[in-house]
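The values are calculated or read from the model by the stated rules, or taken from the named source; none is laboratory data. What you see is a predicted model; the values in this text were computed from it and never measured. Using ideal geometry, Cβ is built from the backbone for each residue, glycine included, and neighbour counts are taken over all protein chains shown. Keep in mind that these areas ignore ligands, DNA and RNA; they rest on the heavy atoms of the full protein, side chains included. Shrake-Rupley method; radii C 1.70, N 1.55, O 1.52, S 1.80 Å.
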Amino acid sequence: MIAPDLISHSIPPLHLDDTGEQAMLAMHEYNVSQLPVVDGKSYIGLVTMEDIINIKHLSHPLKNFLQAFRKPFVKDTAHIFDVMKAALEFNVRVVPVINEDHKYLGLISAESCLRAFAVLNSVKDAGGILELEIPVKDYLMSEVARIVEDNEAEILCLYTNINQQTQRAEITVKLNTTEVSGIVAAFERYEYEVKAIHNDSEYSENLKDRYDSLMRYLNV
């Protein structure tokens, strides 16, 4: 899933000739605190509500305040993980997308990114979730897959985090089944430490409720 698939076309950019007052009204209308600014089709930067509040003369055009603009963006070839990385690095809730010619293509909102990430990671699909640990030197993704598949299950998604202090691989695996007792026993036989198991329908429903609540919050 790449950046153009995530663009929110319903939120237009600001233009250099727009005033601070117009920028503030646009942010209020689209319920955002940051908006990209363009000059024709060229991406100039991102203006925030804080930038607008600091402008002494709201009737002046944005082009008078170019020095205040930051310039976060991703290219149109960027993967969803690159979009999330940019959002974290620049601490923004919208990420502009540009092409190789630096032309503005649209923006990716936190909501659209999170929705896509949820689909990508099977958040709404029922299934057991296992949290495992093993020394980094013993970790093989192929072995994790083999253990799961030998127990007639499939991996819907898998995440690995390397704890640099303990030199252990922390692995989160979501499965296509809630019948995980045999899989857990198999991991323990191969000396994986099973840190947590989430496999009942109540947990799955709770996860879905949290996701839906977060979506409602982002729409406020």
- Task: Output the number of the condition that S59 fails; it satisfies all remaining conditions of (1) of a type in the set (S, T, Y); (2) outside any strand (DSSP E or B); (3) within 28 Å of the chain's Cα centre (by Cα).
- Result: (3)
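Taking only the range 162-191 into account, find how many residues are part of a loop (DSSP other than H, G, I, E, B) and open to solvent by less than 40 Å² (accessible area, probe 1.4 Å). Break it down into steps so the answer makes sense when it comes.
Of the residues in the range 162-191, the ones part of a loop (DSSP other than H, G, I, E, B) are 164-167, 176-180, 190-191.
Still in the running and open to solvent by less than 40 Å² (accessible area, probe 1.4 Å): 177, 180.
Summing the residues that are part of a loop (DSSP other than H, G, I, E, B) and open to solvent by less than 40 Å² (accessible area, probe 1.4 Å) in the range 162-191 gives 2.
Just to check your reading of the model, which residue among S10, S59 is farther than 19 Å from V95 by Cβ, hydroxyl-bearing (S, T, Y) and open to solvent by 30 Å² or more (accessible area, probe 1.4 Å)?
Result of the check over S10, S59: S59.
Go through the range 162-184 and give me each residue that's among the hydroxyl-bearing types (S, T, Y), more than 15 Å from V194 (Cβ to Cβ) and touching a residue at least 12 places away in the same chain (Cβ under 8 Å). Break it down into steps so the answer makes sense when it comes.
Just the residues of the range 162-184 that are among the hydroxyl-bearing types (S, T, Y), to begin with: 166, 172, 177-178, 181.
Now restrict to residues that are more than 15 Å from V194 (Cβ to Cβ): 166, 177-178.
Of everything in the range 162-184, those that are among the hydroxyl-bearing types (S, T, Y), more than 15 Å from V194 (Cβ to Cβ) and touching a residue at least 12 places away in the same chain (Cβ under 8 Å) turn out to be T177, T178.
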- When (1) in a helix (DSSP H, G or I); (2) aliphatic (A, V, I, L, M); (3) more than 28 Å from E100 (Cβ to Cβ); (4) open to solvent by 30 Å² or more (accessible area, probe 1.4 Å) are applied to L66, the one that fails is (3)
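Within the range 67-78, which residues are over 24 Å from L114 (Cα atoms) and touching a residue at least 24 places away in the same chain (Cβ under 8 Å)? Outline the logic, then answer.
Let us first name the residues in the range 67-78 that are over 24 Å from L114 (Cα atoms), namely 67-69.
Once the filter is applied, which keeps residues that are over 24 Å from L114 (Cα atoms) and touching a residue at least 24 places away in the same chain (Cβ under 8 Å), the range 67-78 yields only F69.
Name the single residue, out of those in the range 125-140 being closer than 15 Å to L175 by Cβ and open to solvent by 40 Å² or more (accessible area, probe 1.4 Å), that is modelled with the highest pLDDT. Walk me through it before giving the result.
Start the filter on the range 125-140 by keeping residues that are closer than 15 Å to L175 by Cβ, which leaves 125-132.
Next, from what is left, pick out any that are open to solvent by 40 Å² or more (accessible area, probe 1.4 Å): 125-126, 131.
On the way: D125: 72, A126: 76, E131: 93.
Selected residue: E131.
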- Message: Looking at the range 29-48, can you tell me whether even one residue there is in a loop (DSSP other than H, G, I, E, B), among the polar types (S, T, N, Q) and in contact (Cβ under 8 Å) with a residue 60 or more places away in the chain?
- Response: yes
- Of the residues D17, D51, which single one is buried (at least 18 other Cβ atoms within 10 Å of the Cβ) and over 27 Å from R115 (Cα atoms)? D51
